[in-house]
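> Dropping a structure here in structure tokens format, bear with me for questions.
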Amino acid sequence: MSSSASGGMIVGLIQLVRPRQWVKNGFVFAPLVFAREFTNPASIKLSLLAFALFCAASSACYIVNDLHDIERDRRHPTKRFSRPLAAGRVSRGGALALLGLILAALAVAAVFQPYVMAVIAGYLVLNIAYTFVLKQQPVLDIFSIAIGFVLRICAGAVVLDLPLSGWMLITTLCLALYLAAVKRRQELLGSGSDGREVLDKYSPALIERYAEMSATGALVFYSLFVMSANQKLTATIPLVIFGLFRYWYVVERLGAGESPTDALLSDLPLLATVLAWVGVCALVLYA
């Protein structure tokens, strides 16, 4: 194999695990922040471990999804170029070999972190069910995506042996439902059922109502959560409102939203809002 071919395959394998999507796994750090453990080096190491394990697990799910959807992705207007399997940059054998390595690493991790890996195992089962069944079921497909974010919160709490906050879980669920609904809306407007069969069962108006309801729930539950946890955290509520408004602007006027990660990383005001929220939370909780 020539050096250019091997280099292309390495790039393809990196794209296959979608490192840009790992930002979603940052939800595992929420319990670390709100429990004020972010000054404890041991807690930071454990949270970083949970983050790394979730990155590996989510990458394994992406590989399974791409293997399952390879033919459909080849007919998609953008995925046929962006997905390495559909574009032919990675072979099925290469993808299966990488998947085997990731699953082997997760199996080893289960020996040392059984409780965290139990949560991650639930995440893997959920995503396999999503790939083969749930993604074709209206409403269930959106909830499946959202529950994945809730499991990230659970892993972050379990690795630190912290009690789970009901307020944090329901806030995360509503926020994730909002992002998932917006994603479906953009897919429906962009490629219709050519991208996903389930989109035939939605309409833009219906999905917009889902998104509005979820955004409202996220804001209300977050406000109740921070006011019950620490009154000074109410200073972050305007940032959350602005973030929700800005994200919808990026979706509606700039055509993003099909990938929430890309929308976040491509819009400076939105990214600055998220960083400001993290900074204010850390400052208030540290003080």
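Rule-based calculations on the coordinates, nothing more; no lab input. This one's a predicted model, so the numbers in the text were calculated from it and none came from an experiment. Virtual Cβ from ideal backbone geometry, glycine too; neighbours counted across all protein chains shown.
> Over all directions, average the projected area of the Cα convex hull of the range 127-221 and note it in nm². It would help to have the intermediate numbers written out before the result.
Numbers: hull surface 25.2 nm².
Approximately 6.3 nm², given one-decimal rounding.
> Report, in cubic angstrom per residue, the convex hull volume of the C-alpha atoms of the range 140-185. Walk me through the numbers on the way to the answer.
Details: hull volume 2.5 nm³, N = 46.
Roughly 54 Å³ of hull volume per residue.
> Also, I was wondering about something else. Take the alpha-carbon centre of the range 15-47, take the same for the range 57-127, and report the distance between them in whole Å.
Here the answer is 21 Å between Cα centres.
> Taking 0.36 nm per intervening residue step and subtracting the Cα-Cα distance, what contour gain separates Leu67 from Ser266 on full extension? Each step should come with its number before you reach the end.
Working: separation 199, 0.36 × 199 = 71.64 nm, distance 2.78 nm.
So the extension gain works out to 68.9 nm.
> So, one more: Treating the Cα atoms of the range 41-190 as identical point scatterers in vacuum, please give the log10 of the normalised Debye intensity I(q)/I(0) at q = 0.15 Å⁻¹, two decimals.
-0.89
> Moving on to the next point. For q = 0.16 Å⁻¹, what log10 I(q)/I(0) does the range 179-249 give under the Debye formula with an equal point scatterer on each alpha carbon and no solvent?
-0.63
> Let me ask you something else. Please report, in cubic angstrom per residue, the volume enclosed by the convex hull of the alpha-carbon atoms of the range 220-287. Walk me through the numbers on the way to the answer.
Values: hull volume 5.7 nm³, N = 68.
Residue-normalised Cα hull volume stands at 83 Å³.
> Based on alpha-carbon positions alone, could you give the equivalent ellipsoid semi-axes of the chain from the gyration tensor, as √(5λ), descending, whole Å? Display every interim value, and only then the final one.
Working: eigenvalues 188, 125, 59 Å².
Gyration-tensor ellipsoid for the chain: 31, 25, 17 Å.
> In a GNM of the chain with a 10 Å cut-off on Cα contacts, which of Val125, Val250, Val33 has the highest mean-square fluctuation?
Top of the fluctuation ranking is Val125.
> Another question, then. With a cut-off of 8 Å between alpha carbons and a minimum separation of six or more residues, what is the relative contact order of the range 37-151 in percent? List each step's numbers first, then the result.
On the way: 73 pairs, mean separation 29.3, N = 115.
For the range 37-151, the relative contact order is 25 percent.
> Shifting gears a bit: With only Lys, Arg, Asp and Glu charged, each at its Cβ (+1 for the first two, -1 for the last two), find how big the charge dipole of the range 30-101 is about the Cα centre; round to the nearest 20 debye.
On the way: 10 positive and 5 negative charges, 58 e Å.
It works out to roughly 280 debye.
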